[in-house]
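Engineer: Take this structure, written in structure tokens, and hold onto it; I'll ask about it next.
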Amino acid sequence: MSKTKIGTAIEFAKNLFTTGALFETTRKTELEICSKLSREPNKVFVEYGIGHGNITLQILESIAPSSKLYAFEVNEEFCTYVAEHINDDRLEIVNDGAENLSKYVKEEVSGFVSSIPFTFFSKEKRAQILKGTYDKLEKGGAYSQVLYSKFHFKLFEKIFDKSELKKVSRIPLEYVYHCEKN
Ligand SMILES: C[S@@+](CC[C@H](N)C(=O)[O-])C[C@H]1O[C@@H](n2cnc3c(N)ncnc32)[C@H](O)[C@@H]1O
């Protein structure tokens, strides 16, 4: 494991209750979770749960130079780390939770990428985040979420018009839920 990955694992462990994970998402999952993002110009995207910014980098790589990315993160230290390590005018870091999306994002969103720890949230908070997300998503837009189990898939199916579950990695076990709005 690289020095950076070890540093991230230590930070994740220190904040286990809010990170919900010990390690960064695998490279395979970083690529899969960004696979639905549009490269069309002038689009708006949102990330939930940036950690040390590994998926953030892949989102910025996937979207057009004229698009914008709002990245939500509750941990202030992670926000500072990413602000210091990713220098990109398209990125706006929001030090707040996904549940407060509509306070900061006024535009329609073309795509969401999320690695927030759903399992650690109350039933109400899960539903609130997903409903708020669905309302902001443009028609034909996608929401992609990494999770460590199939357990929450029914809730996603209930809220989105189309949902698909992909097992991306076996060790560690990672599923990507791809959801769409018609
Ligand atoms: C499993 S880590 C994922 C980090 C990184 N994106 C990755 O894939 O490795 C989950 C991240 O979500 C953040 N988080 C937890 N609750 C959140 C919320 N309600 N809104 C936004 N971020 C949240 C945590 O602080 C943590 O950085």
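Engineer: Once phi is turned into ³J(HN,Hα) by the Karplus curve 6.51 cos²θ - 1.76 cosθ + 1.60 with θ = phi - 60°, what whole-Hz value does each residue of the range 140-152 show in order, with x for glycine and proline?
Structural biologist: Once θ is set to phi - 60°, the couplings for the range 140-152 become x, x, 10, 10, 10, 10, 9, 9, 9, 8, 8, 3, 8 Hz.
Engineer: Figure the gain on full extension for residue 100 and residue 173 (residue separation times 0.36 nm, minus the Cα-Cα span) and round it to one decimal in nm. Provide the component values of the computation, followed by the final result.
Structural biologist: On the way: separation 73, 0.36 × 73 = 26.28 nm, distance 2.90 nm.
So the chain would gain 23.4 nm between residue 100 and residue 173.
Engineer: When the convex hull of the Cα atoms of the range 26-180 is projected onto a plane and the area is averaged over all directions, what value comes out in nm²?
Structural biologist: Result: a mean projected hull area of 8.3 nm².
Engineer: Next up: Which cross-chain or sequence-distant (5 or more) residues have an amide H under 5 Å from the amide H of residue 141, H modelled 1.01 Å from N in plane?
Structural biologist: 181
Engineer: Any of 154/181; 14/136; 106/162; 36/167 with alpha carbons more than 21 Å apart? Name them for me. Spell out each step's value before the answer.
Structural biologist: Details: 154/181 16 Å; 14/136 33 Å; 106/162 24 Å; 36/167 16 Å.
Over 21 Å apart, Cα to Cα: 14/136; 106/162.
Engineer: In nm, give the distance between the simple-model label positions of residue 165 and residue 14, each being 7 Å from the Cα along the Cα-to-Cβ direction.
Structural biologist: 3.6 nm
Engineer: So which GluC sites (Glu not before Pro) in the range 58-129 end up in coil per DSSP with only 15 or fewer other C-beta atoms within 10 Å? Numbers along the way, then the final one.
Structural biologist: On the way: sites: 61, 73, 76, 77, 84, 92, 99, 107, 108, 124; in loops: 73, 107, 108.
Answer by residue number: 107, 108.
Engineer: Search the structure for amide H atoms under 5 Å from the amide H of residue 174, placed 1.01 Å from N in the peptide plane, and list their residues when 5 or more places away or on another chain.
Structural biologist: 168, 169
Engineer: In terms of modelled amide H atoms, which long-range or inter-chain residues lie less than 5 Å from the amide H of residue 114?
Structural biologist: Under 5 Å from the amide H of residue 114: 48, 144, 145, 146.
Where a number appears in this text, it was derived from the coordinates with a stated rule and is not lab data. Everything numeric here is computed off the predicted structure, so don't read it as measured data. Neighbour counts are summed over all protein chains in view; Cβ atoms, including those assigned to glycine, are modelled from backbone coordinates with ideal geometry.
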